[in-house]
Amino acid sequence: MVVCFCGHGKEIYTNDVHERLYRIVEELINKGAGRFLLGGYGNFDMLAARTVYELKTKYPHIRSELVLPYPDRKYDAGLYNGSVYPPIENVPRRFAIVRRNEWIVQQADVVIAYVTHDWGGAARMLRYAEKKGKVIAKI
């Protein structure tokens, strides 16, 4: 099972949100989730990456992958098993994150979402996931 994450980049997340995210991710691991696709931008993406990283100590078989919107992006590899660049090389740079997010949703079986308002990239990604009929676990 492949899982991805969708949440706002500039929101401040409490310990309560982290605890709920941890429980959802662990529950999905126990149901067969093994691959986690992460965006690596903003506060929610970092919270998700740290949560998966924490759970790797308990479930060493899980894999976290940073999905790059730009092939030349530098990133801190410490939280991830690796990175992947989706087939978006012909997409104009200003649309790369949107197309990367759509690719992530297409790969995922489950989308874990913490979306509190209906504008911005997280809201757009969540609407896309709903349109594609993905299973959505809301925090």
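The values are calculated or read from the model by the stated rules, or taken from the named source; none is laboratory data. Everything numeric here is computed off the predicted structure, so don't read it as measured data. Note: ideal-geometry Cβ built from the backbone for every residue, glycine included; neighbour counts use all protein chains shown.
Do the conditions hold for Arg35, that is, is it more than 24 Å from Arg124 (Cα to Cα), surrounded by 14 or more Cβ atoms within 10 Å (Cβ to Cβ), at pLDDT 95 or above and among the basic types (Lys, Arg)? It is false that Arg35 is more than 24 Å from Arg124 (Cα to Cα), surrounded by 14 or more Cβ atoms within 10 Å (Cβ to Cβ), at pLDDT 95 or above and among the basic types (Lys, Arg). In summary, Leu47 fulfils each of the numbered conditions (1) of a type outside the set (Asp, Glu); (2) exposed (fewer than 14 other Cβ atoms within 10 Å of the Cβ); (3) touching a helix residue (DSSP H, G or I) at 6+ places or on another chain (Cβ under 7 Å) with the single exception of condition (2). Gly78 falls short on exactly one of the conditions (1) within 22 Å of Gly34 (Cβ to Cβ); (2) in contact with a Gly (Cβ under 9 Å, 6 or more places away or on another chain); (3) outside any loop (DSSP other than H, G, I, E, B), and that condition is (2). Counting only residues that are closer than 16 Å to Gly7 by Cα, in contact with a strand residue (DSSP E or B) (Cβ under 6 Å, 6 or more places away or on another chain) and not in a strand (DSSP E or B), segment 101-112 holds 2 of them. Within segment 95-118, the set of residues being farther than 25 Å from Arg50 by Cβ and at pLDDT below 95 comprises Asp118 only.
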